[in-house]
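See structure below.
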Amino acid sequence: MLFERLAQTLNARLTSRSAQQALRVALDAPELGEIVLISSFGAEAVVLLHLVGVTKPDLPVVFLETGKHFTETLVYRHELTERLNLTNVRVVAPDTQALKTRDPKGNLHRQNPNACCALRKAEPLAAAMKTLPNLSAVITGRKRFQGGQRTSLDVFEANGATGLIKVNPLVHWTSQDLREYMDENRLPKHPLLAKGYLSIGCAPCTSPVAKGEDARAGRWRNSEKIECGIHFINGRTVRGPVQQKETI
């Protein structure tokens, strides 16, 4: 109940649907401790990263360097980091010994993609979170137009099981809003967008989508897998399955 009351209090401080105001309320809230943005530097990431850059450029931004990213994503990360003046981007990589032991040939994604995501994403993120002992909130890019349980999201939300406040500055935005923001601010788009990649993850598990397909159709194509499996429960990263309301 404590987290729910805090989320209600923060939502009550909003006087508009401005994403920048949502960030400002979060950053100025004395009730919150450390706040972090976890970014893939993917297809839509530039919008939230730009908002962070103009609001608090030293906010911790965590990037999971899985070792399987497209070269274009890594170049794009460097470009955005410099252009947006992001001064606290933290590159988090898998444990070297764990990679040698559990994925010596680098092909675990073909045999067991869930285990690969655990090794290269969930476990490194969990270790990184331990370096933020006062962490109390995570900024997400979730939006109501994405459907499902997200249609009723608030800017600030909490569930007693997570131990974290989730800040959703873009919750009221539409896909058109995102495109217009990128154009108006002359923000560089991920280079793979022009090649049909509308949702961008690790290279071996991402493919272009055809016209009319869902944006995430190219993620783990021909597989039942639809998410990388990173969730927060009791302030810790864990692997699913869990209820959607517990995911970031």
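The values are calculated or read from the model by the stated rules, or taken from the named source; none is laboratory data. Predicted model only: the values in this text are computed from it and were never measured. Please note: Cβ atoms are built from the backbone with ideal geometry, for glycine as well, and neighbour counts cover all protein chains shown.
Would you confirm, using the coordinates I've provided, whether Val36 is crowded, with 22+ Cβ neighbours inside 10 Å and within 22 Å of Leu125 (Cβ to Cβ)?
No: the conditions fail for Val36.
Can you name the condition, by its number, that Gln111 falls short on among (1) under 18 Å from the mean Cα position of the chain (by Cα); (2) surrounded by fewer than 19 Cβ atoms within 10 Å (Cβ to Cβ)?
The failed condition is (1).
Could you check segment 31-50 and list, in sequence order, the residues that are touching a strand residue (DSSP E or B) at 6+ places or on another chain (Cβ under 9 Å) and in a helix (DSSP H, G or I)?
Matches in segment 31-50: Leu48, Leu49.
Tally time: how many residues in segment 193-235 are assigned to a loop (DSSP other than H, G, I, E, B) and at pLDDT 85 or above?
Number satisfying all stated conditions: 11.
Leu51: over 16 Å from Val167 (Cα atoms), within 16 Å of the chain's Cα centre (by Cα) and touching a residue at least 40 places away in the same chain (Cβ under 8 Å), yes or no?
No; evaluated as a whole, the condition is false for this residue.
Can you find a residue in segment 164-174 that is modelled with pLDDT of 85 or more, farther than 21 Å from Leu74 by Cα and surrounded by fewer than 17 Cβ atoms within 10 Å (Cβ to Cβ)?
Yes: segment 164-174 contains one or more residues that are modelled with pLDDT of 85 or more, farther than 21 Å from Leu74 by Cα and surrounded by fewer than 17 Cβ atoms within 10 Å (Cβ to Cβ).
Residues of segment 154-202 being aliphatic (A, V, I, L, M) and free of Cβ contacts under 8 Å to residues at least 12 places away in the same chain, which ones? Spell out the reasoning first.
The initial filter retains those residues of segment 154-202 that are aliphatic (A, V, I, L, M), namely 155, 158, 161, 164-165, 167, 170-171, 178, 182, 187, 192-194, 198, 200.
Of everything in segment 154-202, just one residue is aliphatic (A, V, I, L, M) and free of Cβ contacts under 8 Å to residues at least 12 places away in the same chain, namely Ala194.
Please go through segment 22-61 and pick out each residue that is more than 16 Å from Ala137 (Cα to Cα) and not hydrophobic (A, V, I, L, M, F, W, C). Give the steps one after another, and end with the answer.
Step one: list which residues in segment 22-61 are more than 16 Å from Ala137 (Cα to Cα), which gives 40-47, 49-51, 53-55, 57.
Of everything in segment 22-61, those that are more than 16 Å from Ala137 (Cα to Cα) and not hydrophobic (A, V, I, L, M, F, W, C) turn out to be Ser40, Gly42, Glu44, His50, Gly53, Thr55, Pro57.
Which condition from (1) touching a residue at least 60 places away in the same chain (Cβ under 8 Å); (2) under 20 Å from Asn134 (Cα atoms); (3) of a type in the set (Phe, Trp, Tyr) is the one that Phe41 breaks?
Among (1) touching a residue at least 60 places away in the same chain (Cβ under 8 Å); (2) under 20 Å from Asn134 (Cα atoms); (3) of a type in the set (Phe, Trp, Tyr), the lone unmet condition for Phe41 is (2).
From Ser152, Ser207, Ser199, which residue is farther than 27 Å from Ala93 by Cβ and surrounded by fewer than 20 Cβ atoms within 10 Å (Cβ to Cβ)?
Ser152
Checking the condition outside any helix (DSSP H, G or I) and under 29 Å from Met182 (Cα atoms), which residue from Asn85, Asn11 passes?
Checking each option against the conditions leaves just Asn85.
Of the residues that make up segment 51-68, is at least one basic (Lys, Arg), modelled with pLDDT of 95 or more and either at positive phi or in contact with a Lys or Arg (Cβ under 7 Å, 6 or more places away or on another chain) (or both)?
Within segment 51-68 (the criterion being basic (Lys, Arg), modelled with pLDDT of 95 or more and either at positive phi or in contact with a Lys or Arg (Cβ under 7 Å, 6 or more places away or on another chain) (or both)), the answer is yes, since at least one residue qualifies.
Can you go through Asp58, Asp28 and tell me which one is among the charged types (D, E, K, R) and free of Cβ contacts under 8 Å to residues at least 24 places away in the same chain?
Criteria check complete, one pass: Asp28.
Looking at segment 102-160, what helices (runs of 4 or more DSSP H) fall wholly within it and have at least 2 residues that are touching a helix residue (DSSP H, G or I) at 6+ places or on another chain (Cβ under 7 Å)?
Where helices (runs of 4 or more DSSP H) fall fully within segment 102-160 and carry at least 2 residues being touching a helix residue (DSSP H, G or I) at 6+ places or on another chain (Cβ under 7 Å), they are 108-111, 113-117.
Has segment 236-248 got at least one residue that is assigned to a loop (DSSP other than H, G, I, E, B), at negative phi, polar (S, T, N, Q) and modelled with pLDDT of 55 or more? Quick ask: steps written out before the conclusion?
From segment 236-248, those assigned to a loop (DSSP other than H, G, I, E, B) are 239-243, 248; that's our starting set.
Cutting the leftovers down to at negative phi gives us 239-243, 248.
Then drop every residue that is not polar (S, T, N, Q), which leaves 243.
The next check asks that each one be modelled with pLDDT of 55 or more; those that pass are none.
No, the conditions are met nowhere in segment 236-248.
Only one of these conditions is not met by Leu84: (1) more than 19 Å from Trp173 (Cβ to Cβ); (2) of a type outside the set (S, T, N, Q); (3) free of Cβ contacts under 8 Å to residues at least 60 places away in the same chain; (4) surrounded by 20 or more Cβ atoms within 10 Å (Cβ to Cβ). Which number is it?
For Leu84, the exception is condition (1).
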